[in-house]
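K.L.:
One structure coming up, written as structure tokens, with questions to follow.
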Amino acid sequence: MNNLQLEKIINEKLKSNEIKDYVPNGLQVEGRSEIKRIITGVTASLELIEYALERNADALIVHHGYFWKSESPLIRGMKYERIKKLIEGGINLYAYHLPLDLHPELGNNAQLAKLWNIESVAPISEENPLVLTGDLVEPVDVVSFAKMIKRTLGRKPFVEASGPKLIQRVAWCSGAAQDALEEVAMQGFDAFITGEVSERTIYIARELGIHFFAAGHHATERSGVAQLGEWLATDHDLEVEFIDIHNPI
């Protein structure tokens, strides 16, 4: 498949052109024109790039790419080493950030709902579609819910247990969405799950009476890019391999 055709196919699937983001989504670093073998992963780290080179991959598809709005535009140091290896290896780098959080089928948040048996899934508001809400199929206590997160994500979550005895109404958002906690609590949810935690998060949870779980930024954002790769392999007959570079955060 042509590299620009691949970008078009993914853009259409994820509707990335309709989503306002603070990073460019799509083909970020152009490589060889013909693509057969693809490596997918969460972040375009040097370790992932070197693995793609070892596998003679034509493309790398990630959730966290480069050229963020707040970062320096200079290509030097660490960024230079990464991009140099991509260019010298002829590897195309595709990155999809918010489109891979939001997609109702392949997205990180949609995949978390499946892992945790959550039904009646809906955004918390039109203004904040990244935070999803729903009901657990069966109410559980905070210890059981934490064990379920560990079992499904392979990572023990940080827990601030400040909510009701049983958890049923939940809200969640992959990545670093801890600042949505107050909005979630004010709407009466029993628990909020995201990837990261801040110092202020603890006081918000305690004072507003809600359970808070930090399940890992990396851990909560593995599924989207992996599912995108599976879709490309199934629907477009491409060779795709997902690589999980360990990250404890």
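K.L.:
Look through the range 109-124, keep the residues that are in contact with an Asp or Glu (Cβ under 8 Å, 6 or more places away or on another chain) and within 17 Å of ALA180 (Cα to Cα), and return whichever of them is surrounded by the most Cβ atoms within 10 Å (Cβ to Cβ).
P.N.:
ASN109
K.L.:
Can you give me the number of residues within the range 227-242 that are open to solvent by 20 Å² or more (accessible area, probe 1.4 Å), under 28 Å from ILE193 (Cα atoms) and assigned to a helix (DSSP H, G or I)?
P.N.:
Final tally of qualifying residues: 3.
K.L.:
Just checking, which of ALA215, ALA177 is under 30 Å from GLY26 (Cα atoms) and out of contact with any helix residue (DSSP H, G or I) (no Cβ under 8 Å at 6 or more places or on another chain)?
P.N.:
ALA177
K.L.:
On the basis of being of a type in the set (S, T, N, Q) and either farther than 30 Å from GLY134 by Cβ or at pLDDT below 95 (or both), does SER45 make the cut?
P.N.:
So SER45 passes the test.
K.L.:
Residues of the range 46-69 being over 18 Å from ASN108 (Cβ atoms), open to solvent by less than 50 Å² (accessible area, probe 1.4 Å) and assigned to a loop (DSSP other than H, G, I, E, B), which ones?
P.N.:
ALA57, ASP58, TYR66
K.L.:
Please name all residue pairs, on different chains or six or more residues apart, with Cβ atoms under 6 Å, provided the first residue is in the range 86-106 and is under 11 Å from ASP58 (Cα atoms) and in contact (Cβ under 8 Å) with a residue 60 or more places away in the chain and the second residue is hydroxyl-bearing (Ser, Thr, Tyr) and open to solvent by 10 Å² or more (accessible area, probe 1.4 Å).
P.N.:
Between residues of the range 86-106 that are under 11 Å from ASP58 (Cα atoms) and in contact (Cβ under 8 Å) with a residue 60 or more places away in the chain and residues that are hydroxyl-bearing (Ser, Thr, Tyr) and open to solvent by 10 Å² or more (accessible area, probe 1.4 Å), there is no close pair.
K.L.:
Moving on. Of ILE91, ILE87, which residue is open to solvent by 70 Å² or more (accessible area, probe 1.4 Å), of a type in the set (A, V, I, L, M, F, W, C) and over 18 Å from the mean Cα position of the chain (by Cα)?
P.N.:
ILE87
K.L.:
Right, here's the next one. Could you count how many residues in the range 1-32 are open to solvent by 70 Å² or more (accessible area, probe 1.4 Å), in contact (Cβ under 8 Å) with a residue 12 or more places away in the chain and more than 25 Å from THR220 (Cβ to Cβ)?
P.N.:
Within the range 1-32, residues that are open to solvent by 70 Å² or more (accessible area, probe 1.4 Å), in contact (Cβ under 8 Å) with a residue 12 or more places away in the chain and more than 25 Å from THR220 (Cβ to Cβ) number 3.
K.L.:
Residue check, SER72 against (1) more than 30 Å from ASN128 (Cα to Cα); (2) over 22 Å from the mean Cα position of the chain (by Cα), all met but one. Which one?
P.N.:
Every listed condition holds for SER72 apart from (1).
K.L.:
Testing PRO73 on (1) open to solvent by 60 Å² or more (accessible area, probe 1.4 Å); (2) at pLDDT 95 or above, one condition comes back false. Which one is that?
P.N.:
Every condition holds for PRO73 apart from (2).
The values are calculated or read from the model by the stated rules, or taken from the named source; none is laboratory data. All values reported here derive from a predicted model rather than from experimental measurement. Cβ coordinates were reconstructed from backbone atoms using ideal geometry, including for glycine residues, and neighbour counts include every protein chain displayed. Note: areas computed on protein heavy atoms with side chains; ligands, DNA, RNA excluded. Shrake-Rupley method; radii C 1.70, N 1.55, O 1.52, S 1.80 Å.
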